[in-house]
1. Could you tell me which of rounded, prolate or oblate describes the stretch 266-403, using a ≥ b ≥ c as the square roots of the eigenvalues of the alpha-carbon gyration tensor, with rounded for a/c under 1.5 and, failing that, prolate when a/b is larger than b/c and oblate otherwise?
2. Please arrange Met387, Met216 by how many other C-beta atoms lie within 10 Å of their C-beta, fewest to most.
3. Dipole magnitude of the chain about its Cα centre, charges +1 at Lys/Arg Cβ and -1 at Asp/Glu Cβ only, in debye to the nearest 20?
4. If the cut-off is 27 Å between C-alpha atoms, which lysines fall inside it for Lys423, apart from same-chain ones fewer than 8 positions away?
5. How do Leu26, Leu58, Leu185 line up, fewest other C-beta atoms within 10 Å first?
6. On a C-alpha basis, how far is the centre of the stretch 293-343 from the centre of the stretch 49-91 in Å? Whole number, if you could?
7. Would you mind classifying the stretch 135-273 by shape? Square roots of the alpha carbon gyration tensor eigenvalues, ordered a ≥ b ≥ c; an a/c under 1.5 is rounded, otherwise it is prolate if a/b is larger than b/c and oblate if not.
8. Shape call for the stretch 16-261 from the C-alpha gyration tensor, a ≥ b ≥ c root eigenvalues: rounded (a/c under 1.5), prolate (a/b greater than b/c) or oblate?
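None of the figures in this text is laboratory data; all of them are computed from the coordinates on show. Since the structure is predicted, the reported quantities are computational estimates derived from the model, not experimental observations. Here Cβ is always computed from backbone atoms with ideal geometry, including for glycine, and neighbour counts include all displayed protein chains.
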Amino acid sequence: MSIQFYNSLKREKENFVPIEEGKVGLYTCGPTVYDFAHIGNFRTFMFEDLLKRWLTHLGYRVNHVMNITDVDDKTIKKASAEGISLLDLTTRYTDHFMIDLEWLKMLPANSYPKATNAIPKMIKLIERLLEKGFAYQERDGSVYFNIRSFPDYGRLTHIDIKAQKQGDRVSEDEYDKDAPQDFALWKGWKESDGNVGWDAPWGKGRPGWHIECSAMSSDALGDHFDIHCGGVDNMFPHHENEIAQSQCATGEPFVNVWLHSEFLMVDGGKMSKSLGNFYRISDLRELGFSPESIRYQLLAGHYRSKILFSLDKKHESERIVQRVSDFQLRLIENNADQFSVGLFPEAYSEFKNRMNNDLDTPRALATFFEFMKKINSKLDEQKISEMELGAAWEFLNVFDSIFGFIQSNDFEISQEIEEQLNKRNQARLNKNWAESDSIRKSLHKKGWIVEDTHDGQKIKKA
Ligand code: AMP
Ligand code: ZN
């Protein structure tokens, strides 16, 4: 079965066929770095991480581009309120974002283009839109996109632009779906912009938010690429406007598949600072959450369903991910890693089919947990073959390369343990399995687990 995605543009599931065989160009709208990213933002980023990991597992070479929105209405306002430069503000929050991303064990994107580094590309796009008659200039040096000039405007979000009075326009980046309007491609400089501004043929100013993603995506992935993601709130106006700008400027289709993740809610409903239910990753770290348990809460629901993040689920989610770590330990104790020959158990096919069905994580997790239960009972009864152990080991490793639930513990090892490891390595090179096994057992008694991977032996705390 090939992989199917629910394409927001078509509002149905379809088989995924990349533009270039074996390769996927993936663009994900990144953070607006005016503040810390919150757990809701990370629901979307985690879904995108899962998508990339799954495509990679299927053998695709994924080129993942995540932009950093480092100039827009919000960043300028916040920098000015704090009396610091735009660069100082956005560097601070970009750094925090990268720390959170790593702590949550998300794989880094292939590139993180910053909007402020792509201004010439944006100016070129706007020039093309003006030349082709899709955009018009205003006296204050702003340039607007004329939504009536693009017959497909509203296709993504099914909005009707007939109600729009010709020429109604909006300079803010975010506005209501009920009021589709001509939107700003370029915003003429105003005093409130301070020293933020770039020279353009129609006057000094700064780009609108939407043109930033049109420019950065085509710069990195070409004018026409495979997949574009974001949260549902990005659909209008952001993605609707990206489609309009890019298609009108290039005359080509823009993106084949649009994927949108639903909102994360928190205890008490919608997240808001005033309700005090607004969690940053650093807040959750302080409350003792592990990255794995957060990953579980973010991935256990299907990406197109709303999920509820709750502090009360901490204990339960810790317990669930612990079971996966325990399972790994048990397999290692039974030398499963030594018996793996690249064969998967039957349950893996079901897991794969479920993941291929628009990343159905709730059902894929159910398959894995059921499998784990079955293998654990076989181990209890000591009725398990070496082949079954090896296949379980393979499945567990694939599972963890997608979900990342196994606890990673940072530690330092003493010289004595280091020596034991070297000795064991040598024993393995000499094919002295008895000695290698006995060293492993003695290390286990001292509280260490040694596993043999394709990249050599790895050690972790028991
Ligand atoms: P921003 O930093 O506001 O540009 O948002 C970054 C990403 O987070 C975008 O893809 C948003 O759609 C997404 N996002 C924002 N709030 C939530 C939420 N509560 N749940 C899920 N995704 C969200
Ligand atoms: Zn974007």
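1. Values: a/c = 2.98, a/b = 1.96, b/c = 1.52.
Because a/c hits 1.5 or more and a/b exceeds b/c, the stretch 266-403 counts as prolate.
2. Details: Met387 13, Met216 27.
Taking fewest neighbouring Cβ atoms as first place, the list is Met387, Met216.
3. 520 debye
4. Straight-distance partners of Lys423: Lys431, Lys441, Lys445, Lys446, Lys458, Lys460, Lys461.
5. The most exposed by this proxy come first: Leu58, Leu26, Leu185.
6. Cα centres, the stretch 293-343 to the stretch 49-91: 28 Å.
7. rounded
8. oblate
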